[in-house]
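Okay, so here's the structure we're looking at.
The values are calculated or read from the model by the stated rules, or taken from the named source; none is laboratory data. Bear in mind that the values here come from a model prediction, so they are computed numbers and not experimental data. Virtual Cβ from ideal backbone geometry, glycine too; neighbours counted across all protein chains shown.
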Amino acid sequence: MTFTDQTGGTIRDFNPSEFALDVAYARKLSDNFSVGLAARYVNSNLTGGTSVQGANTKAGQSVAADISAYYQSNEFEIKQNTLRDLIDKTAFAMAQQDVRYYLNGMLFETNNDEFKTVATDGHRLAVSSRKINAQLPSKQVIVPRKGVMELLRLIEATDDPVTVQIGDSHLRANINNAVFTTKLVDGRFPDYQRVLPRNGDKEIITSRVDLKQALARASILSNEKFRGVRFNFTTNELKITANNPEQEEAEETVSVDYSGEELEMGFNVSYLIDVFSVLNSQSVRLTLLDANSSALVESAEGGGALYVVMPMRL
């Protein structure tokens, strides 16, 4: 960088620079209590100490620190591939930058020997659960979206264990040789149990791959803004139609196991494709009540994952 005067003459040449130093420190004070300190020092030299009209411009300096206390009240061990699968099965349903800040994350719930992950953006709900070899208290915490994605990056698809410690304001995971800590979202997660449809009387079973591929093809001609597709269920057949403002239309037919009355309803095609992308079963089950009620989607072979997708008016 070159400084010049009003006549264009060179005053001084120098290279601007910036230096940052990060320091992290943690100390275990007892079996259940520890403290942590994270600090950053930044030195920015943008002017090289040049004096301009009597004002000495020096390097800028700043210090930031975060001190946290952690009380361990809930600890369990789980295989890395199990935890990864639980997060994978639900992460897509987390909200992004929603004003309801408690939706911008994932619910971790423990109860006896069961561990659940739950996510929702208000239009769809994903729930995945597994049994673990531990007896745990009933507890719910919300892990922020950024923390969930970082945790997913750290855990591997192996049988190696990860120790998870859930406190009142922090979650900590000991993964291989790394210790991951994140603050929890201070909020109340919606009562997802009330959202799960329990009175559906129409059950449809079909090939997951066939349905996913049909939806992917139909989505090409769906409305780019609303992404709506129409489902028409008849005996052993599902007809999927999509159209857009350009008067283009797509129609797909999928064989299904269904013997109930004819039913027509609309869905956001992207939401359904997301569900069928994380499931790995050969067949899926859709449980429905009517055109105005949410659909319950799950693997026809079990597996502990449930999905709720709200219908659309088309």
Might you let me know whether region 199-221 holds any residue that is exposed (fewer than 15 other Cβ atoms within 10 Å of the Cβ) and free of Cβ contacts under 8 Å to residues at least 24 places away in the same chain? no
Residues (closer than 21 Å to Ser283 by Cβ, surrounded by fewer than 15 Cβ atoms within 10 Å (Cβ to Cβ) and not β-branched (Val, Ile, Thr)) located in region 233-260: Asn236, Glu237, Ser255, Asp257, Ser259, Gly260
Out of everything in region 267-291 that is of a type in the set (S, T, N, Q), at pLDDT 95 or above and in a loop (DSSP other than H, G, I, E, B), what residue ends up being nearest to Arg194 (Cα to Cα)? Ser281
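Checking the structure you have, find out if any residue of region 106-117 is assigned to a strand (DSSP E or B) and among the aliphatic types (A, V, I, L, M).
Within region 106-117, one or more residues are assigned to a strand (DSSP E or B) and among the aliphatic types (A, V, I, L, M).
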Condition test on Thr158, is it touching a residue at least 60 places away in the same chain (Cβ under 8 Å) and not in a strand (DSSP E or B)? yes
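Conditions tested, residue by residue: (1) within 15 Å of Leu196 (Cβ to Cβ); (2) at pLDDT 95 or above; (3) not aliphatic (A, V, I, L, M).
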residue: Leu107; (1), (2), (3): yes, yes, no
residue: Asp113; (1), (2), (3): no, no, yes
residue: Lys116; (1), (2), (3): yes, yes, yes
residue: Ala119; (1), (2), (3): yes, yes, no
residue: Leu125; (1), (2), (3): yes, yes, no
residue: Ser129; (1), (2), (3): yes, yes, yes
residue: Met149; (1), (2), (3): no, yes, no
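Somewhere in region 222-235, is a residue over 18 Å from Arg313 (Cα atoms) and more than 28 Å from the chain's Cα centre (by Cα)?
Taking region 222-235 and keeping what is over 18 Å from Arg313 (Cα atoms), we get 234-235.
Remaining after also requiring more than 28 Å from the chain's Cα centre (by Cα): 234-235.
Yes, region 222-235 contains a residue that is over 18 Å from Arg313 (Cα atoms) and more than 28 Å from the chain's Cα centre (by Cα).
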Only one of Glu264, Glu298, Glu246 is on the phi < 0 side of the Ramachandran plot, assigned by TED's automatic domain parsing to the domain that holds Ser219 and at pLDDT below 95. Can you tell me which? Glu246
